[in-house]
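Single-structure report; data block below.
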Amino acid sequence: MTARAQSGMTLLETLIALIILSLAIVAAISMTGSAQLLNAAAQKRQQNIENAYAESFLIAQLENIAPTVREIVNGVPILDFSGSLNELNFVSASRSESELPVLQTTAIQISGGKLVLSRRPLQATGKTTSRELMSLAGTLKFHYGERKPDGGLAFSDNWTGRDRLPDIIVLSTESTTSEESRLILAAVPMLSSSY
């Protein structure tokens, strides 16, 4: 065995080994951080896609409200539609003749920053189905717009006991950290042409 082999690594060799090891550790940490950023961006994109689908699905529901009458008040037919800050209730019509049941009660509820749609056939034996449409940070709220004589809109927090639908339904979110609100959806509810 040579004298060099017995003496082990020189100081220079040790420093080079430590530098290489440090570079490898920094590269691994950097790759982990980049992977986390890419994963977060992918999740954000997926959430945006799901929210866009939820918005179009919700608009489709509001375009197929069945003109069912809940009661007659002083000769005026009151539509089976009600809305509050946290919930919409109405009877919806199917979008196609092959879709059964044809009429169903629909409830869109806001609970814990989530928008949940529930439907139940009008028949007493029907089963209620529910699905989460979207989840957003902040406080979600519905508002109902009514056209004023001057052409502007007046908004209220509820819509009950009316003979017609609101002119527009707005879904917005208020940030939990600030006073600003963000528009999520503005939809014009329409009676289904099928009924």
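The values are calculated or read from the model by the stated rules, or taken from the named source; none is laboratory data. On a predicted model such as this, the values are computed, not experimentally measured, just so you know. Using ideal geometry, Cβ is built from the backbone for each residue, glycine included, and neighbour counts are taken over all protein chains shown. Side chains included, ligands, DNA and RNA excluded: accessible areas come from the protein's heavy atoms. Shrake-Rupley method; radii C 1.70, N 1.55, O 1.52, S 1.80 Å.
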**Request:** State all residues of the range 58-90 that are farther than 11 Å from T160 by Cβ, in a loop (DSSP other than H, G, I, E, B) and polar (S, T, N, Q); if no residue qualifies, say none.
**Result:** N64, T68, N74, N86
**Message:** Residue pairs, Cβ under 9 Å, 6 or more apart or interchain, first in the range 38-67 and farther than 17 Å from E87 by Cα, second aromatic (F, W, Y). List them.
**Reply:** A66/F90; A66/Y195; P67/Y195
**Complete:** The condition from (1) of a type in the set (D, E); (2) farther than 19 Å from R120 by Cβ; (3) at pLDDT 85 or above that E97 misses is numbered (3)
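In the range 136-195, how many residues are among the hydroxyl-bearing types (S, T, Y) and open to solvent by 70 Å² or more (accessible area, probe 1.4 Å)?
So the answer is 7.
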**Item:** Residue list for the range 43-61, filter: among the charged types (D, E, K, R) and more than 12 Å from the chain's Cα centre (by Cα)
**Value:** K44, R45
**Complete:** Taking the range 147-174 and keeping only residues that are without any contact (Cβ under 8 Å) to a residue 40 or more places away in the chain, within 25 Å of T68 (Cα to Cα) and polar (S, T, N, Q), one is left with S156
**Asked** Do you know which residues across the range 131-172 are more than 15 Å from F90 (Cβ to Cβ), under 21 Å from the mean Cα position of the chain (by Cα) and outside any strand (DSSP E or B)?
**Response** L136, A137, G138, D157
